[in-house]
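Below is one structure, written out as structure tokens, with a few remarks after it.
Read-outs: derived from the displayed coordinates by stated rules, not from any lab. As the structure is a prediction and not an experimental result, all values here were calculated from the model. Cβ sites come from the backbone with ideal geometry, for glycine too, and all protein chains shown count toward neighbours.
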Amino acid sequence: MKEDRKKNIPKKFREVDSSFIDRLTKGERGNTPTKFYIFPKKLNFYSKDPEEDVVLLTRLHWIAYVPDFLLVLLFLLLPVLLSIISSAFSFPISPILYIGLFMIGVLVALNIFVTAILKWFYSVIVITDRRIVVVTLQNAFYHSYSEAQLSNIEDVTHTTTGFWGNILDVGNLDIDTAGHEIDFRLKMVPKPRELQDIINDLVEMKKGGKI
């Protein structure tokens, strides 16, 4: 297992401090939707250079999509809620109207559910040996693409607040860059402290000429 993992590590990273690789693999452990994907193969994105190595890929924590799934539940239960209200106030609902509301609720719920899955899958944070790339899918018709060069990153901080933030290890990551580049605020990221340490290590290695 260790030999197979070592083969996946690009040559330029095999000579760096072993603690950095250990930190990477720590976030990769487990089989959850919020784990880190370390040195993923065959991953390409817009403007990726041939010699550029992807170090890490991750997605927003699943808790970021809880409001979407609550909406799905609400629309699925809408006919039931209307039935309860009509019974309480002696206001009969036509069977045709009830079936129509049920079908509309299912269609809207399905649309919200599929959109949430697509947002989770295509909204990614990619960290390479040169930059950080953030792709955010808002809906089927709109997405945003932002990036920051490692050499221009000046400061990385994280915040973990609230009960669930500490229990689930989810928080925000603030990345300050030099010049006129856009600063990043990544919300609802998994393992924010580990992600901060990984980015700081890469920035240090980049500025030190090690990668």
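Just a few scattered comments:
- Shown here for region 123-158: chymotrypsin sites (Phe, Trp or Tyr not before Pro) in loop regions (DSSP other than H, G, I, E, B) with at most 10 other Cβ atoms within 10 Å, namely F141.
- Length available on full extension from A140 to D174: 0.36 nm per residue minus the Cα-Cα distance, which gives 9.5 nm.
- Percent RCO, i.e. relative contact order, over the chain, from Cα pairs under 8 Å lying at least 6 residues apart: 18 percent
- When peptides 194-204, 94-104 are ranked by their average number of other Cβ atoms within 10 Å per residue, the highest-first order is 194-204, 94-104.
- Counting other Cβ atoms within 10 Å as a rough exposure proxy, the listed residues H143, H61, H158 run H143, H158, H61 from fewest neighbours to most.
- Karplus-derived 3J(HN,Hα), 6.51/-1.76/1.60, for each residue of region 133-140, Hz, glycine and proline x: 10, 10, 10, 10, 9, 8, 7, 5
- Near-label residues of region 62-83 by backbone N, under 18 Å of a point 7 Å along Cα→Cβ of L97: 78-83
- Highest-fluctuation residue, L150, L81, L70 considered, GNM on the chain with Cα pairs under 10 Å: L81
- Centroid-to-centroid separation of region 70-119 and region 165-208 [C-alpha atoms, Å]: 41 Å
- Spin-label model, N200/T157: points 7 Å from Cα along the beta carbon direction are separated by 1.3 nm.
- Distance between the 7 Å Cα→Cβ label points at S87 and T115: 3.2 nm.
- Residues with amide H under 5 Å from that of H61, placed H, sequence gap 5 or more: V189
- Look at T58, T161, T136 and count the other Cβ atoms within 10 Å of each Cβ; fewest to most, that gives T161, T136, T58.
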